Amino acid sequence: MSGCQYLGPEYDPRTHVGPTPYCGKKTLTGKSYCEEHYHVVYKKGTTVNGKRKEKEVEREIEELKRQQEIEEIENA
Ligand SMILES: [Zn+2]
C-alpha cells in the first residue's frame, strides 16, 4: 500500500460501491497520510490542547518534509 490512506468523511463502507477512495497522495515519511490529512487525522481528539498540539504537528511535518527533501536529493 502506497499513498495517503485517508478516507473522506463521506466514505461509508456499508453503502460505498467500487474501489475504496483513498486520498492516494504522497505520504509523509513513515506515515500513512499525506501532509494535509496527517493534520486532519492527528487533530481529531486533540481539541483539549488543540493549539499546542497543532504547533507540535506543524513542527513535526516541517521536520518530515526536510527529511524527505534530503532523501530525494540523495536518491537523485
Ligand atoms: Zn491525503
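Every number in this text was worked out from the coordinates using simple rules, so none of it is lab data. None of these values were measured; they are calculated from a predicted model. Virtual Cβ from ideal backbone geometry, glycine too; neighbours counted across all protein chains shown.
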Please report Rg (one decimal) and Dmax (integer) in Å for the Cα set of the chain.
14.7, 45
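Would you mind calculating the relative contact order of the chain from Cα pairs under 8 angstrom and at least 6 residues apart, reporting the percent as a whole number? Present the calculation step by step, with values, prior to reporting the outcome.
Working: 65 pairs, mean separation 20.3, N = 76.
For the chain, the relative contact order is 27 percent.
Using the crude model of +1 on Lys and Arg Cβ and -1 on Asp and Glu Cβ, and no other charge, please compute the dipole size for the chain relative to its Cα centre, in debye to 20. Don't skip to the end; give the middle numbers.
Values: 13 positive and 14 negative charges, 84 e Å.
That gives a dipole near 400 debye.
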Please list, ordered by chain and number, the residues whose modelled amide H lies under 5 Å from the amide H of Leu28; skip anything fewer than 5 residues away on the same chain.
Tyr33, Cys34, Glu35
